[in-house]
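Peer 1: This is the structure I have questions about; it appears just below.
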Amino acid sequence: MKTKQLFLNEEQRQGSLNTAAEILKNGGTVAVPTETVYGLAASALSDSAVAKIFTAKGRPQDNPLIVHISDVKMLFKVAKEIPDVVFRLAEKFWPGPLTLVLPKGENVCESVSAGLDTVAVRCPKNETALELIKTSGLPLAAPSANLSGSPSPTKASHVVADLNGKIDAVLMGEDCAVGVESTVVTLVTHPPRLLRPGAVTAEQLREFLPDLVIDPAVLKELESGEQAASPGMKYKHYAPKKQVFLVEGESRAFCDYVNHRENAVALCFEDEAEKITIEKLVYGSSDSAETLAKNLFDMLRKIDTLEADEAYVHAPEKTGVGLAVYNRLIRAAGFKVITL
Ligand code: AMP
Ligand code: MG
């Protein structure tokens, strides 16, 4: 299959969006920038279209997809028995990086939800993503546009590297502003449960959901046989091909530790770079988890381009957006944590 690269400069933008919308209406697949990561979209109403997403990514069939909508009106087409708090959350956080799990509406095809009777829904903030939903008139099922297991794509070039020849088109947009996937909260459990941390933080959500609990799988490996509340959390994820270790400890101890490693690269904070004598990549500032989130996946991809055999990543704080960064890193590391 030849993958069309659709450009979004001023002259080409409308034509590209029209072409992408046509592909989607005809049951094809299009990668699209969102503010979180690039998504691989197909019609959420068609099992055969959604099947192409699973095939292109090599995604396990039991890992459900998020449905993207352009406004709250569209929510009624994809979900049912919507509690009032959803409208308050939508008012505050949509469009934006918050996904809500609700009882599934009849129109959404089976394979989107991998057979569950719930559906995960969000309204993205990125203009291109919103316009694509509006132009196609379809709710779009869209997981991250990477090969399953590899770091999520935050640049159009990441999508091309992973999926060229496997999907119908890529909208060649800007780098993703947030850089980690959306926060996922299920409202079908009592109390509501944070399944995946993202840029909308647990602290912000508790203003609306005071009894919100954080699913244990956010920060630790599931025991074998333990049931995942969010099927995606049981898989190894976001991982470079090299072995990654997540290192917890204060700055001086981290620098000292990595300086004694051989054939290794350090992924560190800005102010640590000059103290590190081995190969290093900087992923942002320790006091701005937003910068760490934005650069994280690009840096995890860069690790694979280096000679080093192993990577040692300095762990961020587990609060605010830092919790999302930590959650992705612990999976990239296959739960190998070194505490100094
Ligand atoms: P991705 O599409 O790669 O961003 O991953 C979507 C995440 O949302 C995965 O971790 C899924 O397991 C989770 N998810 C999607 N739909 C549901 C659902 N109905 N119930 C629970 N988790 C879901
Ligand atoms: Mg993904």
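The values are calculated or read from the model by the stated rules, or taken from the named source; none is laboratory data. Remember, it's a predicted structure, so these values are computed and weren't measured experimentally. Because the Cβ atoms are built from the backbone with ideal geometry, glycine has one as well, and the counts that use them run over all protein chains shown.
Peer 1: Can you pull out the residues in segment 7-57 that are part of a loop (DSSP other than H, G, I, E, B) and hydrophobic (A, V, I, L, M, F, W, C)?
Peer 2: LEU8, VAL37, ALA44, LEU45 - these are the residues of segment 7-57 that are part of a loop (DSSP other than H, G, I, E, B) and hydrophobic (A, V, I, L, M, F, W, C).
Peer 1: Additional query: Provide a single number: the residues in segment 26-50 that are polar (S, T, N, Q), in contact with a helix residue (DSSP H, G or I) (Cβ under 7 Å, 6 or more places away or on another chain) and within 15 Å of ligand 1 (Cβ to nearest atom).
Peer 2: Qualifying residue count for the region: 2.
Peer 1: Within segment 146-154, does at least one residue satisfy the condition of being under 27 Å from LYS73 (Cβ atoms) and within 11 Å of ligand 1 (Cβ to nearest atom)?
Peer 2: no
Peer 1: For segment 222-243, enumerate the residues that are within 15 Å of ligand 1 (Cβ to nearest atom), surrounded by 15 or more Cβ atoms within 10 Å (Cβ to Cβ) and either among the basic types (Lys, Arg) or touching a residue at least 24 places away in the same chain (Cβ under 8 Å) (or both).
Peer 2: Matches in segment 222-243: ALA229, SER230, PRO231, GLY232, MET233, LYS234, TYR235, HIS237, TYR238, ALA239.
Peer 1: Could you tell me which residue of segment 134-144 is farthest from ligand 1 (Cβ to nearest atom), considering only residues that are surrounded by 24 or more Cβ atoms within 10 Å (Cβ to Cβ) and more than 23 Å from ILE330 (Cβ to Cβ)?
Peer 2: Result: LEU138.
Peer 1: Then there is this: If LEU267 meets every condition in (1) in a helix (DSSP H, G or I); (2) modelled with pLDDT of 95 or more; (3) under 23 Å from VAL37 (Cβ atoms) apart from one, which number is that one?
Peer 2: All conditions pass for LEU267, except number (1).
Peer 1: Next question. If you check ARG328, ARG301, ARG261, ARG252, which single one turns out to be in contact with a Phe, Trp or Tyr (Cβ under 7 Å, 6 or more places away or on another chain) and part of a helix (DSSP H, G or I)?
Peer 2: Of ARG328, ARG301, ARG261, ARG252, the one residue that is in contact with a Phe, Trp or Tyr (Cβ under 7 Å, 6 or more places away or on another chain) and part of a helix (DSSP H, G or I) is ARG328.
Peer 1: Hey, another quick one. Restricting attention to segment 226-249, report how many residues are outside any loop (DSSP other than H, G, I, E, B) and either modelled with pLDDT of 85 or more or away from ligand 2 (no atom under 16 Å from the Cβ) (or both).
Peer 2: Total meeting the criteria: 6.
Peer 1: Of the residues PRO210, PRO192, which single one is over 23 Å from PRO316 (Cβ atoms), buried (at least 17 other Cβ atoms within 10 Å of the Cβ) and out of contact with any Pro (no Cβ under 7 Å at 6 or more places or on another chain)?
Peer 2: Being over 23 Å from PRO316 (Cβ atoms), buried (at least 17 other Cβ atoms within 10 Å of the Cβ) and out of contact with any Pro (no Cβ under 7 Å at 6 or more places or on another chain) holds for just one of PRO210, PRO192, which is PRO192.
Peer 1: Ok, one more. Does segment 114-145 hold any residues that are within 16 Å of CYS176 (Cβ to Cβ) and within 16 Å of ligand 2 (Cβ to nearest atom), and which are they?
Peer 2: ARG122, PRO124, ALA129, ALA142, PRO143, SER144, ALA145
Peer 1: On to the next question. From the list SER182, SER136, SER111, which residue is small (Gly, Ala, Ser) and within 19 Å of VAL218 (Cα to Cα)?
Peer 2: SER182 is the lone residue from the list that is small (Gly, Ala, Ser) and within 19 Å of VAL218 (Cα to Cα).
Peer 1: Still on this structure, please answer the following. Those residues that are among the charged types (D, E, K, R) and in a loop (DSSP other than H, G, I, E, B), I need them from segment 91-109; list them, please.
Peer 2: Once the filter is applied, which keeps residues that are among the charged types (D, E, K, R) and in a loop (DSSP other than H, G, I, E, B), segment 91-109 yields only GLU106.
Peer 1: Considering only segment 167-185, how many residues are under 21 Å from THR19 (Cβ atoms) and away from ligand 1 (no atom under 16 Å from the Cβ)?
Peer 2: 7
Peer 1: If you go through segment 163-218, how many residues are more than 16 Å from ligand 2 (Cβ to nearest atom), assigned to a strand (DSSP E or B) and out of contact with any Asp or Glu (no Cβ under 8 Å at 6 or more places or on another chain)?
Peer 2: So the answer is 8.
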